[in-house]
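Peer 1: Starting off with a structure, shown below.
The values are calculated or read from the model by the stated rules, or taken from the named source; none is laboratory data. A quick note: this is a predicted structure, and the numbers were derived from the prediction, not measured. Here the Cβ positions follow ideal geometry from the backbone for every residue, glycine too, while neighbour counts run over all protein chains shown.
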Amino acid sequence: MAYKTQAHEITQPIREQLHITENLIKEKEQELQGELANLRSVNSQRAKAVIAHDIEQIERAIDGVELQKEELTKRLNIQMPSDEQIQDIETLAADLAADLDEISQDFESRRRLVEMLNVRATLKVEDGQKVVYAECILGSESLLIACKNAYVDVN
């Protein structure tokens, strides 16, 4: 549960931004309803054209904010795994521990583990040393690469 508390704190800015975005969508939808009511109440073609233009702008704004909401929701879901995902990871970890020798030879099992843990890595050269900055839902770590014969192009 310490992970969930930490993840909750880390995702707080995203959740706040998502809340603001949802409120903005509500405001724009209310504004749209007002303009639609105005459109119904006027008789002049010129006034209708102006209001129709305003409606198009509001709809474009709503579309943009809804896209932003989708992106924030995706980011939140990536950074905050569900209880079911955590249970899946725990189950996988127990399975992996039982069959560690076999799994070390099985690419699909390793790939599945990397995906479930949402593993990300950045390779850098610092002071002539190759360093990997790895992170996943369990935490982050810096690892010095000891292999001297490997060629790494970090550009």
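Peer 1: Any residue at all in segment 65-74 that is of a type outside the set (S, T, Y) and closer than 19 Å to E135 by Cα?
Peer 2: Yes, segment 65-74 contains at least one residue that is of a type outside the set (S, T, Y) and closer than 19 Å to E135 by Cα.
Peer 1: Mind checking which residues of segment 36-65 are at pLDDT 95 or above, surrounded by 15 or more Cβ atoms within 10 Å (Cβ to Cβ) and not aliphatic (A, V, I, L, M)?
Peer 2: Hit for segment 36-65 is D54, nothing else.
Peer 1: Can you find a residue in segment 22-31 that is hydrophobic (A, V, I, L, M, F, W, C), within 26 Å of Q87 (Cα to Cα) and in contact (Cβ under 8 Å) with a residue 12 or more places away in the chain?
Peer 2: Looking through segment 22-31, none of the residues is hydrophobic (A, V, I, L, M, F, W, C), within 26 Å of Q87 (Cα to Cα) and in contact (Cβ under 8 Å) with a residue 12 or more places away in the chain.
Peer 1: If we only count helices (runs of 4 or more DSSP H) wholly inside segment 35-119, which ones have 3 or more residues that are in contact (Cβ under 8 Å) with a residue 12 or more places away in the chain and outside the structural domain of S142 (by TED's automatic domain parsing)?
Peer 2: Working: elements: 45-79, 83-98, 100-103, 107-116.
Per the criteria, 45-79, 83-98, 107-116.
Peer 1: Can I ask one more? Would you confirm whether any residue within segment 129-138 is surrounded by fewer than 13 Cβ atoms within 10 Å (Cβ to Cβ), within 28 Å of the chain's Cα centre (by Cα) and at pLDDT 80 or above?
Peer 2: No: zero hits.
Peer 1: Now a separate question. Can you confirm whether segment 46-67 contains a residue that is closer than 30 Å to P13 by Cα and touching a Ser or Thr at 6+ places or on another chain (Cβ under 7 Å)? Show your work before the answer.
Peer 2: Residues of segment 46-67 that are closer than 30 Å to P13 by Cα, as a first pass: 57-67.
From what's left, touching a Ser or Thr at 6+ places or on another chain (Cβ under 7 Å): 65.
Yes; the residues of segment 46-67 include at least one that is closer than 30 Å to P13 by Cα and touching a Ser or Thr at 6+ places or on another chain (Cβ under 7 Å).
Peer 1: Restricting attention to segment 83-119, and to residues there that are polar (S, T, N, Q) and under 19 Å from E135 (Cβ atoms), which single residue is modelled with the lowest pLDDT?
Peer 2: Q85
Peer 1: Also, I was wondering about something else. Answer yes or no as to whether D127 is on the phi > 0 side of the Ramachandran plot, of a type in the set (D, E) and out of contact with any Cys (no Cβ under 7 Å at 6 or more places or on another chain).
Peer 2: Judged against the criteria, D127 is a match.
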